[in-house]
Amino acid sequence: MKGILVIADGLGGRPTDMDGRTCLEAARTPHLDELTDRGAVGLVDPIGPGIRPGSDTAHLSLLGYNPHELYTGRGVFECLGIGLDVRPGDICFRANFATVEASKDGLRLVDRRAGRIESGQEELAATLGTMRLKTPGVEIQFRASTEHRGALLLRGKDLSPHVSETDPHEVGATMRTAGPTADGAAAKRTAAAVNELTRQSYELLKDLPLNRERAAAGKLPANILLVRGAADCPHIPSIPSIYGVRGAVIAGGALYRGVALACGLDSIDVPGATGGLDTDLRAKAEATLAALATYDLVFVHIKGTDNAAHDQNAAAKTAFIERIDAEFIAPLVERIDWKSTHLAFTGDHTTSIDYGDHTADPVPVLFVGPNVRRDDVTSFNEHTAARGGLLRFSGQVLPMLMSLANRCPKFGS
Ligand code: ZN
Ligand code: ZN
């Protein structure tokens, strides 16, 4: 028995999305409806009722973990997802290129995203790779990802995740100095390293030819690195060790790949999987079908739904849901061996069009496969899912899927 878990990020909606209907209600989804007819649906609170989920904590919870116990911060998952080798003791950060200008009060923030820099990130990363900290025994690794984003880790003895941010979060404000947010030498030492690398990044980047060219072209220079979300490496029991399965993740976004890697899944790279609205969903479907030949569990993350909702674009979210149905779900419906495969489809939270961010509303979830007890629901959306046989539950979608595939360990004797 094989399992496929598909999470469409920010899938859930509110009636304020489109004049009384959610985007999922408005979307035409004949293939999801067919699976719903054959399976069972319900509503899932990604973490718990009334808890507004982040994507990373929601994923941990849906994968069967308790994020209240395990979660240390987003930085670890960003570092893993971007391909850095994270070891116990490392302190991980989310990082981004930004624009600052010198003023009499210090460096003033001009743009937190360096004009959403679109090229040259490799050159900036290579320059940052030459950084050597004076803080003894602390080593830096940095990698750029998309646009202004990247991830950074500090490695060395006696480091701590308890440091404050340098990012003032407000345009026109001066850069902050990182400080320890816990007692002890480790937090002080880490704060010193963060301040040093921030200063050095400005010294190294400000006069780069790339930045002079950007300035000449009327673009904002990427002249400093902002780091935030300090996190140390959590101990997460691996999915293969819990269920005795070989598992893989297919995800365009580094964060989601990172969460899955932290849970012991292998990552499958799919050319054209961008983690955006332009992602190649047919390629992801083909990769899923191919992965089923070698893996017992395939986790597929699809990001575009959330992007459209953060942009408060109901038409784009609806159209993207229709693309998921036609380009990703349809080939699976047709080509999966349904006698030996279970599939779960859900979102990691609601992202409201009107609010433009994640909300705590529960999300529709669908299970289909030979061991699923069918219910009477025949279409897939928030409204119909509330009448489904799975009722309403919190997190735990992967353990439920593994149980249907007869892969769950027994609790007790
Ligand atoms: Zn999300
Ligand atoms: Zn989001």
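The values are calculated or read from the model by the stated rules, or taken from the named source; none is laboratory data. A quick note: this is a predicted structure, and the numbers were derived from the prediction, not measured. Here the Cβ is made from the backbone with ideal geometry for all residues, glycine too, and neighbour counts use every protein chain on show.
Observations on the model:
- Hey, THR36 of a type in the set (Val, Ile, Thr), surrounded by fewer than 20 Cβ atoms within 10 Å (Cβ to Cβ) and either in contact (Cβ under 8 Å) with a residue 24 or more places away in the chain or away from ligand 2 (no atom under 16 Å from the Cβ) (or both) or not: no
- Single residue of the stretch 33-58 satisfying the filter (touching a strand residue (DSSP E or B) at 6+ places or on another chain (Cβ under 7 Å) and assigned to a helix (DSSP H, G or I)) that is farthest from ligand 1 (Cβ to nearest atom): ARG38
- Output for the stretch 254-282, where each listed residue is under 19 Å from LEU297 (Cβ atoms) and in a loop (DSSP other than H, G, I, E, B): CYS263, GLY264, LEU265, ILE268, ASP269, VAL270, ALA273
- For first residues located in the stretch 298-313 and in contact (Cβ under 8 Å) with a residue 40 or more places away in the chain, partners that are within 10 Å of ligand 1 (Cβ to nearest atom) and among the aromatic types (Phe, Trp, Tyr) and lie 6+ apart or on another chain with Cβ distances below 7 Å form the pairs HIS301/TYR256.
- When residues of the stretch 377-413 are limited to those that are among the polar types (S, T, N, Q) and at pLDDT 95 or above, the one surrounded by the most Cβ atoms within 10 Å (Cβ to Cβ): ASN381
- Restricting attention to the stretch 1-21 and to residues that are in a loop (DSSP other than H, G, I, E, B) and more than 16 Å from ligand 1 (Cβ to nearest atom), the residue that is nearest to ALA309 (Cα to Cα) turns out to be ASP17.
- Filtered residues of the stretch 288-324 (kept if among the charged types (D, E, K, R) and buried (at least 21 other Cβ atoms within 10 Å of the Cβ)): LYS303, ASP306, LYS317
- Residue match in the stretch 71-92 (condition: closer than 20 Å to ARG176 by Cα and modelled with pLDDT of 95 or more): yes
- Residue match in the stretch 170-193 (condition: in contact (Cβ under 8 Å) with a residue 24 or more places away in the chain, under 25 Å from the mean Cα position of the chain (by Cα), in the same structural domain as ARG212 (by TED's automatic domain parsing) and in a loop (DSSP other than H, G, I, E, B)): yes
- Verdict on ASP361 being closer than 29 Å to ASP278 by Cβ and within 16 Å of ligand 2 (Cβ to nearest atom): yes
- Flag for VAL333 being crowded, with 22+ Cβ neighbours inside 10 Å and of a type in the set (Val, Ile, Thr): no
- Some residue of the stretch 97-109 being at pLDDT 90 or above, surrounded by 17 or more Cβ atoms within 10 Å (Cβ to Cβ) and of a type in the set (Ser, Thr, Tyr): yes
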